[in-house]
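These notes are about the structure you will find just below.
The values are calculated or read from the model by the stated rules, or taken from the named source; none is laboratory data. Fair warning: this is a prediction, and the values are worked out from it, not measured in the lab. Glycine also receives a Cβ, built like all others from the backbone with ideal geometry; neighbour counts cover every protein chain displayed.
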């Protein structure tokens, strides 16, 4: 078995993120962003197949530790390699997966007050948005795929989204 690790970053590449040593509480925020980024990649590509782990890993650096999402997989497993190759380029924006950012930042890399969302809320929000588009007849392939992928990977969030939608008139 040849284990391979690919760094995927903390957020979609064209999105703001917590800056090591700049953003207050950056260690916590980077971990949160990685959790949501993992869910966003799953929304687009589906749950990882057997042999692929999407893990959050801290790295030590001269300026302080930083956290990154990584894909770990067996390089001899064709299915694992194909999935990992598909997610390697990541996403450009949160909206590419039907997600909103878990944190909003100002131009100086500081968290805007009262903008933080928990990972669970981001997944439920993506499911609610996709299901509302389906119900309204405005869904594309993306929303159908998002619902299927997130429901398979996050069944508790799918139930929460259903319960929330039941309260909307």
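Can you go through 113, 102 and tell me which one is within 24 Å of residue 150 (Cβ to Cβ) and either over 19 Å from the mean Cα position of the chain (by Cα) or in a loop (DSSP other than H, G, I, E, B) (or both)? Quick ask: steps written out before the conclusion?
Numbers: 113 fails: within 24 Å of residue 150 (Cβ to Cβ).
Being within 24 Å of residue 150 (Cβ to Cβ) and either over 19 Å from the mean Cα position of the chain (by Cα) or in a loop (DSSP other than H, G, I, E, B) (or both) holds for just one of 113, 102, which is 102.
Sort out which residues of the stretch 134-158 are farther than 25 Å from residue 33 by Cβ and part of a helix (DSSP H, G or I), and write them in order of number.
Going through the stretch 134-158, the residues farther than 25 Å from residue 33 by Cβ turn out to be 134-141, 144.
Residues satisfying the conditions are 134, 135, 141, 144.
For the stretch 69-89, which residues satisfy the criterion of being within 28 Å of residue 115 (Cα to Cα) and either in a helix (DSSP H, G or I) or at pLDDT below 95 (or both)?
Of the residues in the stretch 69-89, the ones within 28 Å of residue 115 (Cα to Cα) are 69-70, 87, 89.
Passing the criteria: 87, 89.
Results for (1) over 17 Å from the mean Cα position of the chain (by Cα); (2) closer than 30 Å to residue 4 by Cβ, shown as yes or no for each residue.
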{"site": "77", "(1), (2)": "yes, yes"}
{"site": "92", "(1), (2)": "no, yes"}
{"site": "96", "(1), (2)": "no, yes"}
{"site": "126", "(1), (2)": "no, yes"}
{"site": "137", "(1), (2)": "yes, no"}
{"site": "159", "(1), (2)": "yes, no"}
Here is a check on your reading of the model: is residue 43 under 18 Å from residue 149 (Cα atoms), modelled with pLDDT of 90 or more and exposed (fewer than 14 other Cβ atoms within 10 Å of the Cβ)? no
Condition check: surrounded by 12 or more Cβ atoms within 10 Å (Cβ to Cβ) and within 30 Å of residue 3 (Cβ to Cβ). Does residue 86 satisfy that? yes
Tally the residues that are surrounded by 13 or more Cβ atoms within 10 Å (Cβ to Cβ), free of Cβ contacts under 8 Å to residues at least 40 places away in the same chain and over 17 Å from residue 29 (Cα atoms), restricting the search to the stretch 56-79. 2
